[in-house]
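Report on one structure; see the data block that follows.
The values are calculated or read from the model by the stated rules, or taken from the named source; none is laboratory data. In this text, all values refer to a predicted model and were calculated from it rather than measured experimentally. Backbone-built Cβ (ideal geometry, glycine too); neighbour counts: all protein chains shown. Heads up: the accessible areas ignore ligands, DNA and RNA and are worked out on the full protein's heavy atoms, side chains in. Shrake-Rupley method; radii C 1.70, N 1.55, O 1.52, S 1.80 Å.
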Amino acid sequence: MIVVVGNTKGGVGKTTLAVQIAIARARAGQRVWIVDADIQGTASSAIQFRADAELEPALACSSFSDPRQLRSQVKQQRENYDEIIIDVGGRDTGALRAALMLADKVVVPFAPMSFDLWAMHDMAQVITDISAERDGLLALAVMNQAEPRERSADNHEAQEAVRQIEAFRLLDAQLVKRKAFSSSSSEGRGVAEQPSPDAKAVGELDRLVKAIFDQSEGN
Ligand SMILES: Nc1ncnc2c1ncn2[C@@H]1O[C@H](COP(=O)(O)OP(=O)(O)O)[C@@H](O)[C@H]1O
Ligand SMILES: [Mg+2]
């Protein structure tokens, strides 16, 4: 299974989700490879932090920003892993499109802010372009950095706006804006691996990971 975490907008939580999802799946016993396709290399530095801290399970991590190299490496290595999680940069790049050509699923984080919602239309266009070239790419939109209030009008409005965009399937699972996500991810730690884990963050991530890996074209 190849999962891209992508959005043409920066700062929406792509790297945070990619790192957390990869660690959660590795902890569940999957052979995971995290591919950093962003020249800024944020995901690789996080995984390097993890390696330096000798946290188990260790995660394989590589960086490719050249689309051709990304394509050929992922094609050659795919049999060696159960899951490949690809983190991309916040622009419409060749690497993003190359990754989407190979992916089973693309997870598209968005924050409940109006400029992020506009960007969702750009990302929808990229997905529509790719889907014209190939079948079977499932695009899952995920609200990240959601307002903590139970019945936040901003969260609700953003979800309704994204629900209208045909290219996406909106997941019910969402991640609230929590210190636990930002502080753990930059150090290559899962939220469940923190010295005193934030139970809400752990619960939200569990639910998100389940939702992503349980989704298939048919349901
Ligand atoms: N759910 C969240 N709660 C708190 N902070 C978050 C959350 N998701 C992302 N962040 C923070 O927002 C910033 C942008 O996230 P990042 O994952 O780097 O975005 P991207 O990779 O899309 O550019 C980072 O400082 C990150 O720590
Ligand atoms: Mg990033």
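Just a few scattered comments:
- Taken together, the residues in the range 121-161 that are more than 16 Å from ligand 1 (Cβ to nearest atom), closer than 23 Å to R97 by Cα and in a helix (DSSP H, G or I) amount to 10.
- Candidate set from the range 187-219 (those that are modelled with pLDDT under 95 and among the small types (G, A, S)); member that is farthest from the chain's Cα centre (by Cα): G218
- Figure legend. Inter-residue proximity from the range 70-92: first residues within 16 Å of ligand 1 (Cβ to nearest atom), second residues open to solvent by 80 Å² or more (accessible area, probe 1.4 Å) and hydrophobic (A, V, I, L, M, F, W, C), beta-carbon distance below 9 Å, spacing 6+ or different chains. Indicated pairs: G89/I39.
- Count of the range 90-125 residues which are in contact with a Pro (Cβ under 8 Å, 6 or more places away or on another chain) and open to solvent by less than 10 Å² (accessible area, probe 1.4 Å): 2
- All positions within the range 2-30 that are over 20 Å from D206 (Cβ atoms) and away from ligand 1 (no atom under 13 Å from the Cβ): I2
- Meets criteria (farther than 20 Å from R27 by Cα and either among the polar types (S, T, N, Q) or touching a residue at least 40 places away in the same chain (Cβ under 8 Å) (or both)) for L55: no
- The sole residue among V162, V191, V176 that is open to solvent by less than 30 Å² (accessible area, probe 1.4 Å), of a type outside the set (S, T, N, Q), in contact (Cβ under 8 Å) with a residue 24 or more places away in the chain and under 17 Å from M120 (Cα atoms) is V162.
- Helices (runs of 4 or more DSSP H) within the range 13-89 that include 2 or more residues open to solvent by 50 Å² or more (accessible area, probe 1.4 Å): 42-52, 67-77
- Single condition A167 does not satisfy, out of (1) over 27 Å from H156 (Cα atoms); (2) assigned to a loop (DSSP other than H, G, I, E, B): (1)
- Qualifying residue in the range 142-156 (condition: farther than 23 Å from M1 by Cα, in contact (Cβ under 8 Å) with a residue 40 or more places away in the chain and touching a Pro at 6+ places or on another chain (Cβ under 6 Å)): yes
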